Structure formats: C-alpha cells, structure tokens
Amino acid sequence: MSYHDLAVTFGWAAVSLTVGGTIAQFRRASRLSIEGVSLATWTLFVFMGLFWTSYGIDQRSAIIILGSVLTLPFQAAIVLRLKPWRRWPVVARSLAFSLIFCALPTVVWGWPGGVYGVGIAMVVNRAPQLIELIRYPDATGVSVAMWSLGVAGALCWVLYYQNARLWAALASTAAAGLASLFIALLATWRHRQAQGQSLIEEAVLAQA
C-alpha cells in the first residue's frame, strides 16, 4: 500500500470517527440529558459544517464532503433539542461569528483564507463548551465518547490533509483537535465527580 492509499484510508477513517462521535453525542442528548451541552458550540458546528461542505465541493473531495454532510443532520438535531428559539441571540451571534471568520475571509482571500478563518472558529467554538464544563458541575449531557472520537478523527484528518497538501486545513484541524482533547478530559473529570457524589449520597442513605 502506497502512502497515498494509506492517507486516503485515514481520510475515510476520519469520516467514520467524525460521524460516530456526533451520533454518540446525539444519542446521549436524546436518551439521557442535554445538561452541560453548549448551544453556541453546536450552532457553530452546523455553520462550519456548511463551510466544509462547500470547501469539499471546491476541492472535489468526496471525503471532505461526506465528513460534513453525514454529520450535519445529527448536529442540527442536537441544536433543536437545545431549543434555539428560546435563545435566539446565541444563534444570531454564532451566525455573525461564522460570517466574519469563515465567509468574509473566503471572499477576500479565497479558500485558503477561509480555511484559516474557520480554523480560528473551530478552536473558538469549543470555548463555550469548555466554559460550560468549568462553570457548571452537571455535565450529564456531554458525551466523552464524542469528544474523544473527535480527537482521533482530527488526527486522521491531519494525516489526510498532509498527503493532499491542504496545509490550511491541516493547521485548522490540528488546533481544533487539541481543543477537543481538553473538552474530553474536562468532561471525563466532571462525570467522575458526579459518580463520586452519587456514591456518597448512596452511602449516606444506606446509613440513615
């Protein structure tokens, strides 16, 4: 197997991990809770998914296109579960942010400018989720599997982009993957905190 074939394999693995991670978050939000899930983060995921779909079409890359198109329905479903109509200013700010960092740089500097812009957006859009996890101890709705798969997916995307010589996309995805790692670690800590508290409460009830 040539390096090119291996890189393509990593690309398809990235698609699978990206889709799998989004489905994991969708299932957790649907079956368990939406507590701790950031509306701003997931609204920006939808807008950036539209950007990446357009970029994939320009690059004629089925891998990039499918990596976005297959996740968009689940991302939109998560946003709907967060009742965005009740917090429309958050949605409006997310739209403005995506226009400034994704659409405007693309118009001014072409696709490379847009991809670097979306790279900034991909890192910044994880900030609301990090803040949510830091401020509120209840992270029941946050899927550790989703963010962990996101880290693995980012690594696969980086290898794919390196072979395709899409340096802007590589840098953007690497930065986003690092931010996802922080979220996965913080969510894991919050879940363990909740489990420990639950055990303490059970022990108190047993002694009562």
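Points to keep in mind about this one:
- Single residue of region 117-145 satisfying the filter (under 30 Å from Tyr3 (Cβ atoms) and crowded, with 20+ Cβ neighbours inside 10 Å) that is farthest from the chain's Cα centre (by Cα): Gly117
- The set of residues in region 54-81 being in a loop (DSSP other than H, G, I, E, B) and surrounded by fewer than 21 Cβ atoms within 10 Å (Cβ to Cβ) consists of Arg60, Ser61, Leu70.
- Test: residue in region 3-17 that is under 18 Å from Trp147 (Cα atoms) and not in a helix (DSSP H, G or I): no
- Comparison of Leu6, Leu72, Leu44 shows that the only residue that is at pLDDT 95 or above and not basic (Lys, Arg) is Leu72.
Residue-wise test of (1) out of contact with any helix residue (DSSP H, G or I) (no Cβ under 6 Å at 6 or more places or on another chain); (2) basic (Lys, Arg); (3) surrounded by fewer than 20 Cβ atoms within 10 Å (Cβ to Cβ); (4) closer than 23 Å to Leu39 by Cα.
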| site | (1), (2), (3), (4) |
| --- | --- |
| Cys102 | no, no, no, yes |
| Gly110 | yes, no, yes, no |
| Leu170 | no, no, no, no |
| Ser180 | no, no, no, yes |
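- The condition of being of a type in the set (A, V, I, L, M, F, W, C), part of a helix (DSSP H, G or I) and touching a Gly at 6+ places or on another chain (Cβ under 9 Å) does not hold for Leu99.
- Scope region 18-53; condition farther than 19 Å from Ala176 by Cβ, hydroxyl-bearing (Ser, Thr, Tyr) and in a loop (DSSP other than H, G, I, E, B); matching residues: Ser33
- Looking only at residues of region 125-147 that are of a type in the set (S, T, N, Q) and assigned to a loop (DSSP other than H, G, I, E, B), we find that the one that is nearest to Ile100 (Cα to Cα) is Asn125.
- Residue list for region 12-33, restricted to those being over 17 Å from the mean Cα position of the chain (by Cα) and either closer than 22 Å to Ile65 by Cα or buried (at least 17 other Cβ atoms within 10 Å of the Cβ) (or both): Trp12
The values are calculated or read from the model by the stated rules, or taken from the named source; none is laboratory data. If you're wondering where the values come from, they're calculated on a predicted model, not measured in any experiment. Backbone-built Cβ (ideal geometry, glycine too); neighbour counts: all protein chains shown.
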